[in-house]
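The values are calculated or read from the model by the stated rules, or taken from the named source; none is laboratory data. Model, not experiment: these values are computed from the prediction. Please note: Cβ atoms are built from the backbone with ideal geometry, for glycine as well, and neighbour counts cover all protein chains shown. Heads up: the accessible areas ignore ligands, DNA and RNA and are worked out on the full protein's heavy atoms, side chains in. Shrake-Rupley method; radii C 1.70, N 1.55, O 1.52, S 1.80 Å.
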Amino acid sequence: LTLHGAQMRWRDGHGILCREPSKCAPPTALRGVWDGRFTCSGAGDDLRLGALGTDLLGDLAWRETGLSREVLSVSPALWRGSTLVAHPTLSPNPAHIFRHTCGIEAFFLGFISR
């Protein structure tokens, strides 16, 4: 079920509400705002802020986060080309701090929809 950029999935008797992958914004420059709500600090003109996607999830300990694949795949990640530089939960990097434009409470709610 999808509605206005969000999708609802059922897994193990629980509903998972998250951003629809096709509705995520394309990657943006590090100093920009990605998907209308996420920013990331740090240096690097060659860095881009965009969705994590699913390609690397098999190589990361995503199950330990308690978040679903669907939620993580649309969460913000910092990229240098096709190399993951940082992710707020899977690959924290103290040189790069992720922020939601509306504050910390909205940061995790922002994984859901805008």
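Quick rundown of the values:
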{"read-out": "Positive-end residue, the chain charge dipole about Cα centroid, Cβ charges, pick of S75, G36, A86", "value": "G36"}
{"read-out": "Relative compactness, the chain, computed as alpha-carbon Rg over 2.2 N^0.38 Å", "value": "1.01"}
{"read-out": "Computed label-point distance, nm, for sites A43 and L60 using a 7 Å Cα→Cβ extension", "value": "2.5"}
{"read-out": "Check: the chain dipole with +1 on Lys, Arg Cβ and -1 on Asp, Glu Cβ, in debye", "value": "220"}
{"read-out": "Amide H contacts of L47 (H built 1.01 Å from N, under 5 Å, at least 5 apart or other chain)", "value": "L30"}
{"read-out": "For the chain, accessible area per residue (1.4 Å probe, heavy atoms of protein chains only), Å²", "value": "58"}
{"read-out": "Carbon and sulfur %, accessible surface of the chain computed with the full protein complex present, 1.4 Å", "value": "55"}
{"read-out": "Full-stretch length increase - H14, S82 - with 0.36 nm per residue and alpha-carbon distance subtracted", "value": "21.2 nm"}
{"read-out": "Label-to-label distance, nm, for residues given as S22 and C102 (7 Å Cα→Cβ offset)", "value": "2.5"}
{"read-out": "3J(HN,Hα) from dihedral phi, region 3-12, Karplus parametrisation 6.51/-1.76/1.60, rounded to Hz, x for glycine, proline", "value": "7, 6, x, 10, 10, 10, 10, 10, 9, 6"}
